[in-house]
Amino acid sequence: MNTTDIKSMTIDELKILMADLGDKPFRAKQIYSWLHEHLVTSYEEMTNLPKGLREKLEAYPITALEAVDVQTSKIDGTQKYLFRLRDGNVIESVLMRYKHGNSVCISSQVGCRMGCRFCASTIGGLTRNLLPSEMLDQIYRIQVLTRERVSNVVVMGTGEPLDNYENLLRFIHILTEDGGIHISQRNLTVSTCGLVPRIYELAEEKFQMTLAISLHAPNDAKRQELMPIARKYTMEEVLEACRHYFAKTGRRITFEYSLVAGVNDSDEDAKELCGRIRGMNCHVNLIPVNPIKERSFQRSTRQAVENFKIKLEKCGINGTIRREMGSDIDGACGQLRKSYIEKTESEK
């Protein structure tokens with residue numbers, strides 16, 4: 001972590017900073033509260049700090065994202081945000097409104113190096129990891145801009161969260177612990193394409209969040225066609241890591257399964273998937289794939305999706321079809337960012 005990134009610091013680290021600046025330890029809690037509870041973006045707003053301390057703190061810039069585009073769905077009010085980072089890179093986040101509360105899907109990296117063939121996020125490769133503060137501020141800015149409380153967070157936007165592991169851990173601690181916006185770990189979902197060693201490490205943290213695994217295929221051959229990471233870790237290795245995660249945390253695993261017409265949506269695929277995961281404490285989230293112009297993939301028909309779900313349920317496996325949100329805007333991961341970059345490049 002960049003030591004000058006004050007919004008990524010824990011209270012204990014802020015106490016050390018206060019000592020370095022010749023101030024009292026209790027100031028750390030005040031600063032932390034201003035950053036993570038009141039969501040301020042300048043030291044001037046920290047009115048209970050002495051002017052001298054505020055002046056010293058100016059050497060530590062506060063991470064604050066700039067909203068450069070917001071698309072709002074006319075269908076369901078879903079909002080997609082494009083945020084500019086301090087270095088000029090852009091990332092995207094999505095606000096989805098449900099009866100049970102607002103959910104925000106955030107990015108964990110600028111771009112992605114995982115190369116999943118149905119995903120727009122990975123087409124330009126990985127630019128860099130996001131800092132904990134940059135992950136947090138996606139949520140904070142949306143709360144400030146909408147004046148609405150965020151109750152659920154999904155780390156399922158652009159990037160592979162477990163490829164940014166240390167920053168992810170720090171993000172989770174700051175997001176869920178006392179002194180900030182304090183979102184329950186049970187209201188947090190982290191999605192991974194299956195970085196097996198990191199799943200084992202994450203299990204040791206014993207977080208009470210939901211781990212979502214991008215499975216997308218019933219066997220190694222098909223998974224390797226869709227996901228390059230499957231060439232490194234077999235499906236059985238991924239599933240064994242998931243069993244270990246459940247044993248350590250007691251948290252049910254979610255399997256994400258994007259349905260691609262004629263690729264992984266047949267009755268045989270459903271039957272084979274059942275054989276793989278039967279007996280696991282899991283839930284399958286079926287996702288009709290979002291077509292992107294760079295790929296020839298087509299989404300499965302509604303009937304094929306329904307049939308797949310019925311096959312799972314007959315095997316005693318819980319499955320749901322993901323409700324489409326914001327289908328009239330750049331809904332798929334990476335699409336808004338990609339459109340913005342293409343437009344910016346064409347205007348040069």
Segment 308-329: number of residues that are under 11 Å from Leu286 (Cα atoms) and in contact with a helix residue (DSSP H, G or I) (Cβ under 9 Å, 6 or more places away or on another chain): 7
Do we have Glu225 as modelled with pLDDT under 95 and among the acidic types (Asp, Glu) here? yes
If Phe308 passes every condition in (1) surrounded by fewer than 15 Cβ atoms within 10 Å (Cβ to Cβ); (2) at pLDDT 95 or above; (3) in a helix (DSSP H, G or I) but one, which one does it miss? (1)
Which of the numbered conditions does Ser151 fail, given that it passes all the others? Conditions: (1) in a loop (DSSP other than H, G, I, E, B); (2) over 19 Å from Leu65 (Cα atoms); (3) in contact with a Gly (Cβ under 7 Å, 6 or more places away or on another chain). (1)
Which number in (1) at pLDDT 95 or above; (2) over 16 Å from the mean Cα position of the chain (by Cα); (3) of a type in the set (Ser, Thr, Tyr) marks the one condition that Ser191 misses? (2)
Could you go through segment 293-301 and let me know if any residue there is in the same structural domain as Met156 (by TED's automatic domain parsing), within 23 Å of Val154 (Cβ to Cβ), part of a loop (DSSP other than H, G, I, E, B) and of a type in the set (Asp, Glu). no
For segment 11-24, check the following and say yes or no: at least one residue is closer than 24 Å to Thr176 by Cβ and among the acidic types (Asp, Glu). yes
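Can you list the strands (runs of 3 or more DSSP E) lying wholly within segment 1-101 that have 1 or more residues being among the charged types (D, E, K, R) and buried (at least 19 other Cβ atoms within 10 Å of the Cβ)? Break it down into steps so the answer makes sense when it comes.
Details: elements: 66-72, 79-84, 90-98.
So the answer is 79-84, 90-98.
So that you can scan it fast, the table gives a plain yes or no per residue for (1) closer than 30 Å to Gly125 by Cβ; (2) touching an Asp or Glu at 6+ places or on another chain (Cβ under 7 Å); (3) at pLDDT 95 or above:
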position	(1), (2), (3)
Thr3	yes, no, no
Glu13	no, no, yes
Asn48	no, no, yes
Leu65	yes, yes, yes
Gln71	yes, yes, yes
Tyr81	yes, yes, yes
Determine whether Gln79 is under 25 Å from Ile142 (Cβ atoms) and out of contact with any strand residue (DSSP E or B) (no Cβ under 8 Å at 6 or more places or on another chain). no
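Out of the residues in segment 120-146 that are among the polar types (S, T, N, Q) and not in a helix (DSSP H, G or I), state the one that is nearest to His173 (Cα to Cα). Please lay out each step first, then the result.
Here is the first cut: in segment 120-146, the ones among the polar types (S, T, N, Q) are 121-122, 127, 129, 133, 138, 143, 146.
Narrowing further to those that are not in a helix (DSSP H, G or I): 127, 129.
Values: Thr127: 25, Asn129: 18 Å.
Once the filter is applied, the top-ranked residue is Asn129.
The values are calculated or read from the model by the stated rules, or taken from the named source; none is laboratory data. This one's a predicted model, so the numbers in the text were calculated from it and none came from an experiment. Cβ coordinates were reconstructed from backbone atoms using ideal geometry, including for glycine residues, and neighbour counts include every protein chain displayed.
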